[in-house]
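One structure is given here, and the rest of the page talks about it.
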Amino acid sequence: MLCAAVLLSIACLGLTARALTVPDTAPEGPEDDERVRLPIVMYHHISDTKSIWGKYVVSAEEFERDLRWLREHGYETVRVQDLIAWSEGRFTLPEKPCIITLDDGYESTGVCAAPLLEKYGFTGVVAVIGAVAQQYSDQPDHNLRYSHMSWEAVAELSHRGVLEVQYHSWDMHTLSPRQGCNKMKGEAESSYRTALEKDLGQFADACAAYGVKTVPSVAYPFGAYCALTREIVAANGFRAAFTCTERVNLLTGAPEELLELGRFNRPHGVSSAAFFGKWEEKG
């Protein structure tokens, strides 16, 4: 098994980069008050180890306080599959919908987040890095300070019902040679398409092999993508994609809107009221 420091450096690639996205433009359509407001919160690791609390690591107490705040203020979580069904006219969203996402597939997602989500009657979606899940399957390690879920744990969680599983790349969760699953400068379109589709395929094959139930959704590593990324993802059957752009989604029901969903990263040390207040400020 790799040493803890190396594992942390792998994990922290997703915890140090700023969102790299294409410019956000508001779609033409109904006025804002006629659109559905869908705020999305992004967590990563949940830990009671104080020394690692920070921008991408919160305590279990903070996570539970957030869930309590959402419930007390009338928010209801929706699943990705429900959001897709809504865009197809097959589902009615609640009055105050939101989505809870957890990136990178930390073991704390299953050990800590899932029970608390169940306690408050919420659901969420976890973005799994295939190569990291494979590493923890081949060389088990359950140190909750840094550990990630094995494929067995991911499969079990996917059938539990509280958390959907989505793609976070097979092995593109790095900043070099490319930034996440983005197209590299000067890279031929055909080469990029081949590389991304190979990565998508490896993730799908592993999920099939380990019995992981997934939803057709992507969380772009580091929020890095381009128009061609979006095109390839859609062509390969994905119906939703999560970016790292901090904005409340104002949705008309057009299916293409789901391929650039914004979300707010949840840091340590901010009260629930102050953090979720951004949903109103940036709506």
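The values are calculated or read from the model by the stated rules, or taken from the named source; none is laboratory data. It should be emphasised that the depicted structure is a prediction, and the values quoted were computed from it without experimental measurement. We place every Cβ from the backbone using ideal geometry, glycine too, and count neighbours over all the protein chains shown.
When both residues are 6+ apart or on different chains and their Cβ atoms are under 9 Å apart, which pairs have a first residue that lies in the stretch 191-202 and is over 16 Å from Ala234 (Cβ atoms) and free of Cβ contacts under 8 Å to residues at least 24 places away in the same chain, and a second that is acidic (Asp, Glu) and surrounded by fewer than 18 Cβ atoms within 10 Å (Cβ to Cβ)?
Ala195/Glu187
Could you identify the single residue in Val212, Val154 that is closer than 18 Å to Gln81 by Cβ, β-branched (Val, Ile, Thr) and not in a loop (DSSP other than H, G, I, E, B)?
Being closer than 18 Å to Gln81 by Cβ, β-branched (Val, Ile, Thr) and not in a loop (DSSP other than H, G, I, E, B) holds for just one of Val212, Val154, which is Val154.
In the set Lys183, Lys198, which member is over 30 Å from Tyr120 (Cα atoms), surrounded by 22 or more Cβ atoms within 10 Å (Cβ to Cβ) and out of contact with any Pro (no Cβ under 8 Å at 6 or more places or on another chain)?
Sole residue among the options that is over 30 Å from Tyr120 (Cα atoms), surrounded by 22 or more Cβ atoms within 10 Å (Cβ to Cβ) and out of contact with any Pro (no Cβ under 8 Å at 6 or more places or on another chain): Lys183.
Of all residues in the stretch 101-127, how many are hydrophobic (A, V, I, L, M, F, W, C), in a strand (DSSP E or B) and in contact (Cβ under 8 Å) with a residue 60 or more places away in the chain?
Result for the stretch 101-127: 3.
Being at positive phi, of a type in the set (A, V, I, L, M, F, W, C) and either modelled with pLDDT of 95 or more or under 16 Å from the mean Cα position of the chain (by Cα) (or both) narrows it down to one of Phe222, Phe203, Phe242, so name that one. Lay out the reasoning, then the answer.
On the way: Phe203 fails: at positive phi; Phe242 fails: at positive phi.
Exactly one residue qualifies, and that residue is Phe222.
Answer yes or no: is there a residue in the stretch 131-141 that is in contact with a Ser or Thr (Cβ under 7 Å, 6 or more places away or on another chain), in a helix (DSSP H, G or I) and within 23 Å of Thr229 (Cβ to Cβ).
yes
Just to check your reading of the model, which residue among Val248, Val270, Val212 is within 16 Å of the chain's Cα centre (by Cα) and β-branched (Val, Ile, Thr)?
Val248
Under 9 Å between Cβ atoms, which residue pairs at least 6 apart in sequence (or on different chains) link something in the stretch 40-58 that is free of Cβ contacts under 8 Å to residues at least 60 places away in the same chain and more than 15 Å from Asp103 (Cα to Cα) with a partner that is hydroxyl-bearing (Ser, Thr, Tyr) and not in a helix (DSSP H, G or I)?
Asp48/Ser59; Lys50/Ser59
Could you please give the count of residues in the stretch 134-156 that are touching a His at 6+ places or on another chain (Cβ under 8 Å) and closer than 13 Å to Ala206 by Cα?
So the count comes out to 1.
Could you please give the count of residues in the stretch 129-164 that are closer than 12 Å to Gly110 by Cβ, touching a strand residue (DSSP E or B) at 6+ places or on another chain (Cβ under 6 Å) and aliphatic (A, V, I, L, M)?
Here the count works out to 3.
Looking only at the stretch 106-124, how many residues end up being crowded, with 24+ Cβ neighbours inside 10 Å and touching a Phe, Trp or Tyr at 6+ places or on another chain (Cβ under 9 Å)?
Of the residues in the stretch 106-124, 3 are crowded, with 24+ Cβ neighbours inside 10 Å and touching a Phe, Trp or Tyr at 6+ places or on another chain (Cβ under 9 Å).
Against the definition (surrounded by 17 or more Cβ atoms within 10 Å (Cβ to Cβ) and either among the hydroxyl-bearing types (Ser, Thr, Tyr) or in a helix (DSSP H, G or I) (or both)), how does Gln166 come out, yes or no?
Taking the combined requirement at face value, the residue does not satisfy it.
What are the residues in the stretch 234-283 that are part of a helix (DSSP H, G or I) and either more than 22 Å from Val57 (Cβ to Cβ) or hydroxyl-bearing (Ser, Thr, Tyr) (or both), if any?
Ala234, Ala235, Pro255, Glu256, Glu257, Leu258, Leu259, Glu260, Ser272, Glu280, Glu281
Which pairs turn up if I take residues in the stretch 227-238 that are touching a residue at least 40 places away in the same chain (Cβ under 8 Å) and aromatic (Phe, Trp, Tyr) and look for partners that are crowded, with 16+ Cβ neighbours inside 10 Å and in a loop (DSSP other than H, G, I, E, B) with beta carbon separation below 7 Å, at least 6 apart in sequence or on another chain?
As it stands, the answer is Phe238/Pro216, since those pairs meet every condition given.
For the stretch 164-177, state whether one or more residues are modelled with pLDDT of 95 or more, of a type in the set (Val, Ile, Thr), touching a His at 6+ places or on another chain (Cβ under 8 Å) and on the phi < 0 side of the Ramachandran plot.
So far as the stretch 164-177 goes, no, none of its residues is modelled with pLDDT of 95 or more, of a type in the set (Val, Ile, Thr), touching a His at 6+ places or on another chain (Cβ under 8 Å) and on the phi < 0 side of the Ramachandran plot.
Could you look through the stretch 78-92, keep only residues that are surrounded by 18 or more Cβ atoms within 10 Å (Cβ to Cβ) and without any contact (Cβ under 8 Å) to a residue 60 or more places away in the chain, and pick out the one that is nearest to Glu61 (Cα to Cα)?
Val78
Starting from the stretch 143-160, take each residue that is under 12 Å from Val128 (Cα atoms) and list its partners that are of a type in the set (Gly, Ala, Ser) and assigned to a loop (DSSP other than H, G, I, E, B), counting only C-beta distances under 8 angstrom and pairs at least six apart or across chains.
His148/Gly105; Met149/Gly105; Val154/Gly105; Ala155/Gly211
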